[in-house]
Amino acid sequence: MIYSDKSLSQILERTEARANAHFVEAHARLDPELGAEWIEVAGAYAMFDGVDSPLTQTFGLGVFETTTAAHLDRIEAFYAERGAPVFHEISPMADASLLTLLGDRGYRPIELTSVMYREISGNEVFSDLVANVSTRRINEDEADLWAQVAADGWASEAPELRDFILQMGQISARTKGADSFLAEIDGRPIAAAGFFIHDDICILAGASTLPNERRQGAQNALLNARLRYAAEKGCTKAILCAAPGSQSQKNGQKNGFNIAYTRIKWQLAEYPGNGA
């Protein structure tokens, strides 16, 4: 049995941090003028991927070392130099003193995330769940196709964000350690999903389905395909993050994922970029 404790949280948080660090490095390579970079402070990874990027935040704060005011001074200075907001994804396994420290510095909670995991056995069989939906890893020359499918799926709720999501997808498909999957019906792409391996742990990154192709089992097919690939690669654990109570969380639980803990995202209320 694997217990939800600080040791497990360190594994999950570090794996997600490494995946995002590789993304930031890919972004820096593809668009040097952006100035994307990351630093490590007290075991946490502080990412800058642009002022508006959802990756511009920290991962693992407080689970590797007890966070001090000096640590936050350094992290906040890193973001202030770039005119960026300050966000921290905080595991409940972090030292409780961090909550007081964040409150005293003007942070506020803004988002909850279910961090989920499951063990993977080399003997486990992952069969195709949906007869008419096929899945596959993309080829190197299909990165833009994959990004377009992902963007069209994600942007259905916010069309104004499509170009931004498309750019993120184009970078993600070219990130070290990442693999990208498509779901298809009769050779026609209908859904896209990301995947990343660090050591023997994998992340099942975000998946999206084209609006007119939903409710055909593409999400479950992609989840199953990535678990099968993870087992082939010798992974022992898989990570999945989802909004609490969402369909993504339910799909994960149907496929053997347990909720390790609920993570809280904190935002510094005042920073140079918002006129403070």
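The values are calculated or read from the model by the stated rules, or taken from the named source; none is laboratory data. Source: prediction; values computed, not measured. We place every Cβ from the backbone using ideal geometry, glycine too, and count neighbours over all the protein chains shown. Just so you know, the surface numbers come from the protein's heavy atoms only, side chains and all, with ligands and any DNA or RNA stripped out. Shrake-Rupley method; radii C 1.70, N 1.55, O 1.52, S 1.80 Å.
Here are the numbers:
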{"quantity": "Using alpha-carbon coordinates, inclination of helix 69-80 to the longest axis of the chain, degrees", "calculated": "70"}
{"quantity": "Residues A70 and S246, FRET efficiency given R0 of 35 Å [Cβ-Cβ distance, rounded to 0.05]", "calculated": "0.40"}
{"quantity": "Point-charge dipole on Cβ atoms (K/R +1, D/E -1) for the chain, about Cα centre, debye to 20", "calculated": "800"}
{"quantity": "DSSP-loop trypsin sites (Lys or Arg not before Pro) across the stretch 117-200, with at most 13 other Cβ within 10 angstrom", "calculated": "K176"}
{"quantity": "With eigenvalues of the C-alpha gyration tensor scaled by 5 and rooted, the stretch 209-276, Å", "calculated": "31, 18, 13"}
{"quantity": "Ratio Rg/Rh, restricted to the stretch 1-51 and using Cα atoms, in which Rh is the Kirkwood radius", "calculated": "1.12"}
{"quantity": "Amide hydrogen neighbours beyond the local backbone of A183, cut-off 5 Å, H modeled", "calculated": "I190, A191, A192"}
{"quantity": "Reachable aspartates and glutamates, given that their alpha-carbon falls under 14 Å from the alpha-carbon of K237 and they are not under 8 places away in the same chain", "calculated": "E13, E16, E119, E124, D199, D200"}
{"quantity": "Solvent-accessible heavy-atom area per residue, rounded to whole Å², over the chain at 1.4 Å", "calculated": "46"}
{"quantity": "Accessible carbon and sulfur surface of the chain relative to its total accessible area, %, 1.4 Å", "calculated": "48"}
{"quantity": "Dipole magnitude of the stretch 126-240 about its Cα centre (Cβ charges: Lys, Arg +1; Asp, Glu -1), debye to nearest 20", "calculated": "320"}
{"quantity": "The chain - percent relative contact order, Cα under 8 Å, separation 6 or more", "calculated": "24"}
{"quantity": "Cα-based radius of gyration of the stretch 1-140 once divided by 2.2 N^0.38 Å, which approximates compact folds", "calculated": "1.25"}
{"quantity": "Net charge of neighbours whose Cβ lies under 13 Å from the Cβ of Q167, counting Lys and Arg as +1 and Asp and Glu as -1", "calculated": "-3"}
{"quantity": "Kirkwood-type radius of the stretch 97-209, with distances r between different C-alpha atoms, in Å", "calculated": "16.5"}
{"quantity": "Sparse-neighbourhood loop sites, GluC sites (Glu not before Pro) in the stretch 98-156 - DSSP loop, at most 14 other Cβ within 10 angstrom", "calculated": "E124"}
{"quantity": "Residues S7 and D31, FRET efficiency given R0 of 30 Å [Cβ-Cβ distance, rounded to 0.05]", "calculated": "0.20"}
{"quantity": "Relative contact order, percent, the stretch 143-276 [alpha-carbon distance under 8 Å, six or more residues apart]", "calculated": "18"}
{"quantity": "Helix 143-154 vs. the chain, principal-axis angle (Cα, 0 to 90°, nearest 10)", "calculated": "80"}
{"quantity": "Size descriptor, Kirkwood hydrodynamic radius, that averages inverse alpha-carbon separations across the stretch 185-238, Å", "calculated": "11.9"}
{"quantity": "Reduced Cα scattering model of the stretch 154-206, Debye log10 I(q)/I(0), q = 0.24 Å⁻¹", "calculated": "-1.01"}
{"quantity": "Helix-only [θ]222 nm of the chain, DSSP H runs n ≥ 4, -39500 (n - 2.57) each, per residue, nearest 500", "calculated": "-10500 deg cm²/dmol"}
{"quantity": "Angstrom value of the Kirkwood radius, inverse mean 1/r, which spans all Cα pairs in the chain", "calculated": "19.4"}
